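Student: Sharing a structure, written as structure tokens. Questions coming.
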Amino acid sequence: MTATLQTPAATPVVVEPVKYLDAKGCGARYGVSSRHWLRLVDASKAPQPTRFGRCVRWSIQSLETWEAAGCPSLRQGVRR
């Protein structure tokens, strides 16, 4: 007796876009080095990251919101 296997029709594979970027990815997105990106974050001139344990990542949604606002400085308080 032989059995035939019916394979389902090929289903398209949906690949979701990356939702988070690391410092290297953010630097590449804005044309700066990863170290300069981290300096911008430390100076509150760029969005703060989300931490996943030891990993530090920036959500693309927060970066797009920051871009839409004109990339303002996020520093609170008195200017020096």
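Student: Considering only residues of the stretch 7-28 that are assigned to a loop (DSSP other than H, G, I, E, B) and of a type in the set (D, E, K, R), which is modelled with the lowest pLDDT?
Tutor: Taking the stretch 7-28 and keeping what is assigned to a loop (DSSP other than H, G, I, E, B), we get 7-19, 22.
With of a type in the set (D, E, K, R) added as a condition, the list becomes 16, 19, 22.
On the way: Glu16: 71, Lys19: 93, Asp22: 97.
That would be Glu16.
Student: Condition first: part of a loop (DSSP other than H, G, I, E, B) and farther than 14 Å from Gly25 by Cα. Now tell me which residues in the stretch 48-72 satisfy that. Step through it out loud before you land on a result.
Tutor: Keep residues of the stretch 48-72 that are part of a loop (DSSP other than H, G, I, E, B), which gives 48-49, 53-54, 69-72.
Of everything in the stretch 48-72, those that are part of a loop (DSSP other than H, G, I, E, B) and farther than 14 Å from Gly25 by Cα turn out to be Gln48, Gly53, Arg54, Ala69, Gly70, Cys71, Pro72.
The values are calculated or read from the model by the stated rules, or taken from the named source; none is laboratory data. Keep in mind it's a predicted model, so treat the numbers as computed, not measured.
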